[in-house]
1. With runs of 4+ DSSP H residues as the only contributors, calculate the mean residue ellipticity of the chain at 222 nm using -39,500 (n - 2.57) per run, divided by the residue total and rounded to the nearest 500.
2. Determine the dipole magnitude for the range 2-301: charges of +1 sit on the beta-carbon of Lys and Arg, -1 on that of Asp and Glu, nothing else is charged, the reference point is the Cα centre, and the result goes in debye to the nearest 20.
3. Only bridges whose two residues both fall in the range 2-301 count here: according to DSSP, what percent of them are antiparallel, nearest 5?
4. Just checking the chain: which Cys have no other cysteine's beta-carbon under 4.7 Å?
5. Which Cα, out of 88, 46, 296, lies furthest along the positive dipole direction of the chain (beta carbon charges, K/R +1, D/E -1)?
6. Among 168, 253, 240, which residue has its Cα furthest toward the positive end of the charge dipole of the chain, with +1 on Lys/Arg Cβ and -1 on Asp/Glu Cβ?
7. Can you tell me the relative contact order of the range 47-205? Whole percent, Cα pairs under 8 Å, sequence separation 6 or more.
8. What helices does the chain hold that run 15 Å or longer along their axis, going by alpha-carbon atoms, with a Kyte-Doolittle average of 1.0 or more, using DSSP H for the helix calls?
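A short reminder: the numbers here are calculations on the coordinates, not readings from a lab. Quick caveat, the model's predicted, so the values are computed rather than measured. No Cβ is skipped: glycine too gets one built from the backbone with ideal geometry, and neighbour counts run over all protein chains shown.
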Amino acid sequence: MLTVFGSVALDTTRTPFETRERILGGAATYASISASFFAPVSLIGVIGNDFPTSYYKMLADRLDLAGLVTSNDKKTFFYDSSFDYDLSHRTTNITELNAIENFEPPVPSEYVDSRFVYLANNDPDQNIKIIDKFKKPELIVCDTIEFWIENKRDAVIRMIQKTHGVVINDQEARLLCNTSNLVKCGKQLLSYGPKFIIIKKGEHGVLFFFKDNIIPIPGYPLESVVDPTGAGDSFAGGFMGYLVSNRTSGDFLHDLTLMKESILMGSVMGTFAIEAFGTDRLFEINKMNILNRFDLYRKMLSI
């Protein structure tokens, strides 16, 4: 079982072409849905009293929600943002933590034996607490965002020290490591203890740091981009789901070919996410759509 912990949100997303208000979002939401195409996924998070029943049903059709708590006296985490004309730069307008603020994440008894854990963008102190509630996970991977780096940098580093891998975008890596050079960022993050680092560069792909290897992997060339929200979280979910479902041994973290293939699948899932607003596209696609794009991507890169 893959357990995902993080934010389930209501998002208002504004582009120069269209605005959608209070749509289903959140880092854990995108990651969980993406991963669910490859492995059973359990979700730990919190929603508020304003969370639409229709959204809950959508999640329940895909995920185990025993760990999703409803706060009856608070609203759901809310994020309002605007993209510029080329859809490559986002400005945060409003961040309302609401139910996730000071949330003490419970781990249902049926989740404590989870072998694989993904900590989506969330309060690093909460992530640290929840790590210790699992018995013996074989793989713990985390992400973070500027908000936590700026407000809880030391906690972000402590969280990274407890993981096997980090998925982070280039802007966040530079902010956390206080350097503009991404190679230096990757090496610095590895020095904290993880076995691998993936630095996402949007449409330009990723930099993969693994032992002594630094591997650049180009992004998938996508013609239609509607809403870049959730691309990175969908990448992480696709990466985790593919990795844990295709492992062949207990030493799978040393399988360079599998790791690279998992990154390609993560990239594929990220491209689907941005073809529509919010999570809409992830609920529309099927496994065949995914595998066809994955095969095309591999042929492009000769991997």
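1. Values: 11 runs with 112 residues, N = 303.
Per the formula, -11000 deg cm²/dmol.
2. 860
3. Restricted to the range 2-301, the bridges split so that about 40 percent are antiparallel.
4. Singleton cysteines: 142.
5. Of the candidates, 296 comes out farthest on the positive side.
6. Positive-most Cα among the choices belongs to 253.
7. Computed over the range 47-205, the figure is 15 percent.
8. Going by DSSP H runs, the hits are 256-273.
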